Each structure stands twice: as C-alpha cells, then as structure tokens.
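Please treat every number below as a calculation from the coordinates, not as lab data. Keep in mind that what you see is a predicted model, and the values were worked out from it rather than measured. Note that each Cβ is placed from the backbone with ideal geometry, even for glycine, and that neighbours are counted across all protein chains shown.
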Amino acid sequence: MKKSLILLAMIAGATPLFAETNAVIEVKLFKTWKIRGEWIFGNLAIKNTGTDPIRLTKDAGDFDISQLYTRSLPDKSAEYFETDIERRYQMLFFEESEFFNLLPEETHVYEGRKFHLSTRSNFSEEMRFIVSIYLGNGFWLDSEPLTVKGVVPDSEEDLGTIANNELARQGKNLHDTWKLVVATYKNERWLYKKSIPNPGERRTETLYFSVCPLSLTNKIRVEPHDDKALFKIWDGDKSMIYDMYKSSIIEGPDENDVFGKWTHERKQKAEADNAEVRRKKAEAQAQ
C-alpha cells in the first residue's frame, strides 16, 4: 500500500512584549489523493517553538470546530468568513470551554477525533491548501502548503446502507442514513461513508468521508454490531468495529486502523519528549 506523507510546517509571528508565538505543525495525511466530494482526514502534532504559551482547547471536538481550519491556497480562504471564524472562537469562552497552555518546546497530539480536512477550492487535478490553527484576533498558525491530487476512482463498490436502527424505531433521525462504499484507485483501496440525499434537501453534492484503507483483493462485508451506531466490517478474515458517527475505526488491525496507530504512537513520542523537556527545565532551575 502506498505510504502517505508527513509534512512539517514552521510559522513565526510576533506578539507584544517581545514574546514569540512560533510553532511547528506536523500534519499527517493518510493518503494524498481524493475523489470528488471527499473530505480527507488526518491528524497533527503541534510543537511550541516560541517563547510564549499557545492556548488550545482541551477537547478535540472544540478544537476541530473552533480552532482548526483548512484554508485553500493561494488566497488562504477558509470555510467561513473572518467574522464567523472569530465568532466561533469567541463561543468557546461563552460556553466555558476548557483550555490549556502548550508550553514552549512541548508538543501536543489530540486523541479521540479524526480531523476531516475540507477545502473551498474547486475540485481539480491538484489542490493546494494549508492546515491552520486559529488563536483569535486574526492570528493564525499555518502549516506549509500541502498538495492533494483530485482523481476519478478506477471502481466503486456499494457495500450497503447503514443507519441507527434503534433511533429509527423510535421515530428519530429517520434521515440519518448513509452508504458504505469501497473505492479503488491504482494500488489503493479505501472504505468510505457516502451521503444519501434526504427528501427536500437542497444540497445535491454527494459527500464521501474516507474511513480506512482496505486490502486490494479481499471480499469486504458489513454487519450490524450493536443495532445502533457500530458496525462490524470484515476485510477477508480480519474484522474491525466501525462507528458511523465518528466515521472511524474504533477497533481493528493496524493495517486498517491507520489513524489509531499513528495517533497512539505519535502521542507516546510527544509525551516522552515533553517529559525530557520538563526534566531539563527543572535541572536548569535547580542550578
């Protein structure tokens, strides 16, 4: 299977009193191509290389909604207008979201949430964007440019429809229904959650949320796991548990759960590096 890329980014900015807000943003994309309508996913490690703490939300969901943005190049356009971005950031304080300070030289990796990276740019053979962290008052930390290819898949296989059957029996979320499909492009095969237009819905674009890589030749099967949001997916004789709301594998072999594997290993490394940073600072203060 084709290896994806880790892209490093450096950004520097100045704040009052000569403090510096600098960061290295390491973006992990699990594939470097997308089909029309796809929201590719990734994760990131944020290292504070400045002299000023960087204020981030503790909750990965809050971070995704109000601090993490994908901005198209060359104009750095985001999904929302600047006033909307600031309003979403200020809502964190209104809702009393918890923050933490990422201290100088330390690294943070978010767990428990897959970050879907969408761009406003038109679908094309080559799409360039940056991953940005918003710190309020128009201040951004930006990654280096990333490039993703827009492709037409060689094939698409329909695995079936998924829905929360328990809620449907209660008459709730009747339109929360999705397709699971498999798309193959060259030497890669991926599982997707695919949108189904709801009656009366204005949006006509079909959305694809990439889930995980699959083997090239095995038969893929899907069966309910808990009659709610979880489904068991078989890749040949290997099984994994899929959460339809998170659009993520929550249990499965490393070759399928690439997001979980990378996030776990990168977080372990960050924690070890942070412990060493703190040890050196304590030694320096003791002298």
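General remarks:
- Between the listed residues S121, N48, P104, the Cα displaced farthest toward the positive end of the dipole of region 6-151, a dipole computed from Cβ unit charges relative to the Cα centre, is found at S121.
- Ranked by how many other Cβ atoms sit within 10 Å of their own Cβ, fewest first, the residues R71, R189, R88 fall in the order R88, R71, R189.
- Two-decimal Rg to Rh for region 155-259 - Kirkwood Rh, Cα set: 0.97
- Applying the Karplus relation 6.51 cos²θ - 1.76 cosθ + 1.60 with θ = phi - 60° to region 227-234 yields 3J(HN,Hα) values of 6, 10, 9, 9, 9, 9, 10, 9 Hz, where x marks Gly and Pro.
- Each residue of region 265-274 was assigned a 3J(HN,Hα) from its phi angle through the Karplus expression (A = 6.51, B = -1.76, C = 1.60, θ = phi - 60°), giving 5, 5, 5, 4, 5, 4, 5, 5, 5, 5 Hz with x at Gly and Pro.
- Other-chain or far-sequence residues with amide H under 5 Å of E79's (modelled H): T70
- Electrostatic dipole magnitude of the chain [Cβ: Lys, Arg +1; Asp, Glu -1; Cα centre; debye, to 20]: 480 debye
- Computed from Cα atoms, the angle from the helix 82-94 axis to the main principal axis of the chain rounds to 80 degrees.
- Cα-Cα pairs of the chain separated by more than 34 Å (percent): 26 percent
- Overall, region 6-151 carries a charge dipole of about 600 debye about its Cα centre when +1 sits on the Cβ of Lys and Arg and -1 on the Cβ of Asp and Glu, all other atoms neutral.
- Positive end of the dipole of the chain (Cβ unit charges, origin at the Cα centre): among S143, N218, F259, the Cα lying farthest that way belongs to N218.
- Cα-centred dipole magnitude for region 155-259, charges only on beta-carbon of K, R (+1) and D, E (-1), debye, nearest 20: 360 debye
- Table column - 3J(HN,Hα) (Hz), region 216-224, Karplus curve with 6.51, -1.76, 1.60, x for Gly and Pro: 6, 10, 5, 6, 9, 10, 10, 9, x
- Amide H contacts of R189 (H built 1.01 Å from N, in plane; Pro and chain starts excluded): L214 sit under 5 Å, all sequence-distant by 5 or more or on other chains.
- Across all Cα pairs in region 51-99, the calculated P(r) in 10 Å bins from zero up to the longest distance comes to 24, 48, 26, 2 percent per bin.
- Residues whose amide H comes within less than 5 Å of that of L207, counting only those at least five positions distant or on another chain, are S195 (H built at 1.01 Å from N in the peptide plane).
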